[in-house]
Amino acid sequence: MSRSVLPTCFEISHPGRRGADVPALDVPVREGLLPEEMRDAPPALPELSEVEVVRHYTALTRRNHGVDNGFYPLGSCTMKYNPRMNEEAAAWFGDLHPLADARDVQGALHLCHDLQRALCEVTGMDAMTLQPAAGAHGELTGLMLIRAYHRHNGELAQRRKILVPDSAHGTNPASAVMAGFEVVEVPSAPDGGVDIEALHGLAGPDTAALMLTNPNTLGLFDTRIETIAEIVHGAGGLLYYDGANLNAVMGIVRPGDTGFDVVHLNLHKTFSTPHGGGGPGAGPVGCKARLAPFLPTPVVVKTETGYALDSDRPLSIGKVKAFYGNFGVCVKAYAYILSLGGKGLREASEAAVLNANYIMHRLRDTYEIRFHRPCMHEFVLSTENIPGLTATDVAKGLIDRGIHPPTIYFPLIVHEAMMVEPTESEAPETLDAFCEAMLELAGEPPEKLAAYPQTTPVGRPDQTLAARKPKVVG
Ligand SMILES: *Cc1c(COP(=O)(O)O)cnc(C)c1O
């Protein structure tokens, strides 16, 4: 890679050049459009030959960093390697039409039904919907279930508050507000878990639910989860499980067994759908039996004559997604679960946890790691103990070494945070190369650090300006 900026496809356009010939019009031209409905000039589309288009996009992909080109330890996002076999399985269903009659797509409905059962088994839930399109959408759906539940019990007017720990992902409070609740922040204890005393003081007759990620965004498993559940349930509230970190505990701990009533999963983090480019994801939501009547419609059910889509559910919160969710993502998850089996899922979690602990131990004498206990599938370090070194410097230095930076400046409660998630599929040499790059960067002089990155088309842009006023066309 070099500093040069690629020309846009508009800049390499030549009038009249084309990659395909459209057949001549063989239907009558429709007359009668008003002049103001007509274009004054043809649309300003780039005109390129096929090979130019292919080269343009191939050049762009080479400027991107993905799991297929190198290590991608982006904490909380779980950029894990997704076996190609699952992509192939999704492609087998590529011809299905979402409006097809349920009788003609029995195989697809069978798959949805089995996947729901498998996800219930992994999470310890009684019922599951596959419809939500992503984790945040799952949160909204789950909170709507909680709302419907309290309304059904005549308690909604009183239960207005959702408790959210200060270590939570930003989507948690955002979803709570979108679902019509007020957010109350719960502080963390010195060991990184929920502050039990504070929770005691905050949980009460106005509590609708507590949203918790366990292990949390510090990569720590909250061992007081049963006490937490007792406090919240004791106050009449429900427990919502943010499943983005399920990677650490598959086949080991089930959220449903530790007191959670509602969970969402991020199939694109845990069950083999690539993400990061904004492609479709899926955020299935599971719940305990007492919340099942409120699940969104349609629900895939098994009847005596086969599988069916049931929309006759008077207590349902209604539809949350067009058709049946992102079905292709569900196929990948199903293929992943079947190919690994229960034992394989557990091994994936164990390897993810082992890899994170290995890196943490190699870096702990150099970087600050606030919590002195084993981590789960990810951990948070800080550069604050090294004078003059920022998380940004380390991130930019890693880019020049061909490594995607860990998540930086999150969670917000750790200054100069770097959140490292190696995932289960990396070889020891890759983990070692990352550790060596991290150790090397910690000892470099400030002038050298300030000059990173040198291998990317742009150096260090003004991040606010780049986000607010992106320059997308050259
Ligand atoms: C990623 C993430 C979410 C949101 O999930 P999306 O699928 O990106 O909408 C919520 N909580 C945590 C802890 C996450 O890491």
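The values are calculated or read from the model by the stated rules, or taken from the named source; none is laboratory data. All of these numbers come straight from a predicted model, not from anything done at the bench. FYI the Cβ positions are ideal-geometry reconstructions off the backbone, even for glycines, and counts take in every protein chain you see.
When Leu363 is tested against (1) within 22 Å of the chain's Cα centre (by Cα); (2) of a type in the set (A, V, I, L, M, F, W, C); (3) farther than 25 Å from Gly170 by Cβ, just one condition goes unmet, and that condition is (1). Among the numbered conditions (1) in contact (Cβ under 8 Å) with a residue 24 or more places away in the chain; (2) within 16 Å of the ligand (Cβ to nearest atom), the only one that Ile196 does not meet is (2). Residue pairs whose Cβ atoms lie under 8 Å apart, sitting 6 or more positions apart in sequence or on different chains, and linking a residue in segment 150-172 that is closer than 19 Å to His200 by Cβ and touching a residue at least 12 places away in the same chain (Cβ under 8 Å) to a partner that is basic (Lys, Arg) and within 16 Å of the ligand (Cβ to nearest atom), do not occur here.
Name the single residue that is farthest from the chain's Cα centre (by Cα) among those in segment 100-144 being part of a helix (DSSP H, G or I), more than 16 Å from the ligand (Cβ to nearest atom) and more than 20 Å from Leu309 (Cβ to Cβ). For segment 100-144, the residue satisfying everything is Glu121. Applying the condition of being hydrophobic (A, V, I, L, M, F, W, C) and surrounded by fewer than 12 Cβ atoms within 10 Å (Cβ to Cβ) to segment 418-474 and asking which residue is farthest from Ala352 (Cα to Cα) yields Val473.
Beta carbons closer than 7 Å, at least 6 apart along the sequence or on distinct chains, pair a first residue in segment 42-60 that is loosely packed, with under 13 Cβ neighbours inside 10 Å with a second that is of a type in the set (A, V, I, L, M) and not in a helix (DSSP H, G or I) for Ala59/Leu6; Leu60/Leu6. Kindly indicate whether Ile228 is without any contact (Cβ under 8 Å) to a residue 60 or more places away in the chain and either crowded, with 19+ Cβ neighbours inside 10 Å or in a strand (DSSP E or B) (or both). The answer is yes for Ile228. Does at least one position in segment 235-253 carry a residue that is surrounded by fewer than 22 Cβ atoms within 10 Å (Cβ to Cβ) and among the polar types (S, T, N, Q)? No, because not a single residue in segment 235-253 is surrounded by fewer than 22 Cβ atoms within 10 Å (Cβ to Cβ) and among the polar types (S, T, N, Q).
Identify, from the list Val414, Val380, the residue that is among the hydrophobic types (A, V, I, L, M, F, W, C), crowded, with 17+ Cβ neighbours inside 10 Å and part of a loop (DSSP other than H, G, I, E, B). Steps first, answer last, please.
Working: Val380 fails: part of a loop (DSSP other than H, G, I, E, B).
None of the others qualify; the one that does is Val414.
Give the residue that is farthest from Gly243 (Cα to Cα), with candidates limited to residues of segment 267-310 that are among the polar types (S, T, N, Q) and within 11 Å of the ligand (Cβ to nearest atom). Step by step, filter segment 267-310, then rank; the result is Thr273.
Considering Ala108, Ala102, which residue is among the small types (Gly, Ala, Ser), within 16 Å of Phe323 (Cβ to Cβ) and buried (at least 19 other Cβ atoms within 10 Å of the Cβ)?
Working: Ala102 fails: buried (at least 19 other Cβ atoms within 10 Å of the Cβ).
Among Ala108, Ala102, only Ala108 is among the small types (Gly, Ala, Ser), within 16 Å of Phe323 (Cβ to Cβ) and buried (at least 19 other Cβ atoms within 10 Å of the Cβ).
Checked against (1) over 30 Å from Val177 (Cβ atoms); (2) more than 16 Å from the ligand (Cβ to nearest atom), Tyr72 passes all but condition (2). Remark: pairs (first residue in segment 1-30, more than 23 Å from Thr61 (Cα to Cα); second residue small (Gly, Ala, Ser) and surrounded by 11 or more Cβ atoms within 10 Å (Cβ to Cβ); Cβ separation under 7 Å; 6+ apart in sequence or on different chains) = Arg17/Ser49. Scanning segment 155-192 for residues that are within 16 Å of the ligand (Cβ to nearest atom), out of contact with any strand residue (DSSP E or B) (no Cβ under 7 Å at 6 or more places or on another chain) and part of a loop (DSSP other than H, G, I, E, B) yields Gly170, Ala179, Gly192. Restricting attention to segment 149-200, the residues being acidic (Asp, Glu), at pLDDT below 95 and either touching a helix residue (DSSP H, G or I) at 6+ places or on another chain (Cβ under 9 Å) or crowded, with 19+ Cβ neighbours inside 10 Å (or both) number 0. Every condition in (1) under 23 Å from the mean Cα position of the chain (by Cα); (2) outside any strand (DSSP E or B) is met by Gly286 except one, and the failing one is (2). When each of Ala89, Ala41, Ala59 is tested for being part of a loop (DSSP other than H, G, I, E, B) and either away from the ligand (no atom under 16 Å from the Cβ) or basic (Lys, Arg) (or both), the lone residue that passes is Ala41. Might you let me know whether segment 208-220 holds any residue that is buried (at least 18 other Cβ atoms within 10 Å of the Cβ), at pLDDT below 95 and of a type in the set (A, V, I, L, M, F, W, C)? Checking segment 208-220: at least one residue is buried (at least 18 other Cβ atoms within 10 Å of the Cβ), at pLDDT below 95 and of a type in the set (A, V, I, L, M, F, W, C).
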